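Inspection log for the structure reproduced underneath, given as structure tokens.
The values are calculated or read from the model by the stated rules, or taken from the named source; none is laboratory data. Since the model is a prediction, treat every value here as computed from it, not as a measurement. Here Cβ is always computed from backbone atoms with ideal geometry, including for glycine, and neighbour counts include all displayed protein chains. These area figures cover heavy atoms from the full protein model, side chains too; ligands, DNA and RNA do not enter into them. Shrake-Rupley method; radii C 1.70, N 1.55, O 1.52, S 1.80 Å.
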Amino acid sequence: MVSVVPAERRHAEALAADLRPDDAAEIAATGETPLEALVRSLEASDYARAAVAEDGAVLALWGTTPLTLVGGVATVWLLTGNAVERHKLSMLRIARRETAFMQSRYFCIGNMIDERYAKAQSFARALGFELAGEATEFGADGAPFRAAWRWR
């Protein structure tokens with residue numbers, strides 16, 4: 001069983017130590033460490049949740065960060081740990097429900113996805129995000145990233 005709880009720094013610390021390799025590589029491309037990226041995302045978010053397995057493993061953290069003062073547009077973020085592989089179906093159900101909830105709060109949600117992270121791009125598409133046709137330079141070293149947006 002997987003529980004969804006309000007995300008806390010302790011969840012970020014646990015996940016930072018056990019990120020999936022592609023999530024860690026995506027973060028590295030932005031010039032941050034996993035803990036820096038998770039804590040920054042958590043602190044900037046108006047909504048943040050953690051998925052925690054029965055054994056206490058943190059499977060994922062996600063949330064929204066408003067991009068405008070007026071509202072309507074937000075960055076949505078998701079980072080996953082190795083333990084998520086044991087709970088793929090539960091996480092897909094949770095992700096669909098949570099994406100719908102986050103979308104209900106904002107007209108548009110989106111972020112940038114590392115072009116080399118095919119699983120993340122497929123997952124975003126499965127959740128109804130549209131990906132840009134071409135990758136653009138992004139992050140600390142100008143790595144190829146693709147914009148992914150979902151509109152209400």
Any idea which residue in the range 117-152 is farthest from residue 23 (Cα to Cα), counting only those that are open to solvent by 50 Å² or more (accessible area, probe 1.4 Å) and touching a helix residue (DSSP H, G or I) at 6+ places or on another chain (Cβ under 7 Å)? 152
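Does the range 111-118 contain any residue that is part of a helix (DSSP H, G or I) and either farther than 27 Å from residue 10 by Cα or free of Cβ contacts under 8 Å to residues at least 40 places away in the same chain (or both)?
Initial filter on the range 111-118 (part of a helix (DSSP H, G or I)): 118.
With the extra rule that they be either farther than 27 Å from residue 10 by Cα or free of Cβ contacts under 8 Å to residues at least 40 places away in the same chain (or both), the set shrinks to 118.
Yes, the conditions are met somewhere in the range 111-118.
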For residue 55, which of the numbered conditions (1) assigned to a loop (DSSP other than H, G, I, E, B); (2) surrounded by 16 or more Cβ atoms within 10 Å (Cβ to Cβ) fails to hold? (2)
Go through (1) farther than 17 Å from residue 11 by Cβ; (2) open to solvent by 40 Å² or more (accessible area, probe 1.4 Å); (3) part of a strand (DSSP E or B) one by one and return the number of the condition residue 93 breaks. (3)
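Let me confirm something: among 74, 60, 48, which residue is more than 24 Å from residue 141 (Cβ to Cβ), in contact with a Cys (Cβ under 9 Å, 6 or more places away or on another chain) and assigned to a strand (DSSP E or B)?
Details: 60 fails: in contact with a Cys (Cβ under 9 Å, 6 or more places away or on another chain); 48 fails: in contact with a Cys (Cβ under 9 Å, 6 or more places away or on another chain).
The conditions single out 74.
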Can you tell me how many residues within the range 77-90 are surrounded by 13 or more Cβ atoms within 10 Å (Cβ to Cβ) and either in a helix (DSSP H, G or I) or without any contact (Cβ under 8 Å) to a residue 12 or more places away in the chain (or both)? 6
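Within the range 2-41, which residues are touching a Gly at 6+ places or on another chain (Cβ under 7 Å) and open to solvent by 30 Å² or more (accessible area, probe 1.4 Å)? Steps first, answer last, please.
Initially, the range 2-41 is screened for residues touching a Gly at 6+ places or on another chain (Cβ under 7 Å), giving 7, 15, 18-20, 29-31, 41.
Within the range 2-41, 18, 20, 30, 31 qualify.
Check 43, 36 and return the single one that is more than 24 Å from residue 99 (Cβ to Cβ), modelled with pLDDT of 95 or more and assigned to a helix (DSSP H, G or I). Step through it out loud before you land on a result.
Details: 43 fails: more than 24 Å from residue 99 (Cβ to Cβ).
When all the criteria are applied, what remains is 36.
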Read through the list (1) farther than 15 Å from residue 30 by Cα; (2) not in a loop (DSSP other than H, G, I, E, B), then give the number of the only condition that residue 147 fails. (1)
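Can you say whether residue 70 is open to solvent by 70 Å² or more (accessible area, probe 1.4 Å) and of a type outside the set (S, T, N, Q), as far as the supplied structure shows?
Values: open to solvent by 70 Å² or more (accessible area, probe 1.4 Å): yes; of a type outside the set (S, T, N, Q): yes.
Yes: the conditions hold for residue 70.
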